[in-house]
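These notes are about the structure you will find just below.
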Amino acid sequence: MARVTLQQLGELVRRQRGSRGIREAAREVGVSSATLSRIERGNLPDLETFAKICRWLDIDPAEVLGVPTDRSAGTEGPGELVATAHFKAGQTTSPELAKALADLILAAQRMLQRQPS
């Protein structure tokens with residue numbers, strides 16, 4: 001399967017929702033209908049919403065962000081450590097900034113996993 005990009009997220013949400021109403025799908029995802037509608041129109045979600053959508057779509061957030069994962073090293077996958085970012089209403093996050101934030105969060109997660117308990 002070809003890698004899914006952030007720019008394709010809205011289309012994937014639209015396809016997954018199918019003929020169901022936006023409110024029903026939003027309840028399934030765990031977000032507001034307004035948020036889901038914005039994402040379908042191409043706006044990028046905050047990290048918490050992004051994680052919910054990836055779970056709903058059954059896709060790996062790291063793959064969407066183009067972040068290499070090393071499953072063979074025994075490290076836990078995305079979702080083991082939950083990161084949340086809050087942005088001011090109306091603020092748009094560029095795909096470059098979203099990827100940089102994701103890289104930073106995943107690097108921090110890897111560092112925490114390497115520390116002895």
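Elements of the type helices (runs of 4 or more DSSP H) sitting completely within segment 1-45 and holding at least 1 residues that are under 15 Å from Asp58 (Cβ atoms): these cover 9-17, 22-29. Do we find that Ala62 is buried (at least 16 other Cβ atoms within 10 Å of the Cβ), modelled with pLDDT under 90 and either not β-branched (Val, Ile, Thr) or not in a helix (DSSP H, G or I) (or both) in this structure? Yes: the conditions hold for Ala62. In segment 39-69, the qualifying residues are those that are on the phi > 0 side of the Ramachandran plot and free of Cβ contacts under 8 Å to residues at least 40 places away in the same chain, and the one that is farthest from the chain's Cα centre (by Cα) is Gly42.
The values are calculated or read from the model by the stated rules, or taken from the named source; none is laboratory data. The structure displayed is predicted, hence computed values, not measured ones. Please note: Cβ atoms are built from the backbone with ideal geometry, for glycine as well, and neighbour counts cover all protein chains shown.
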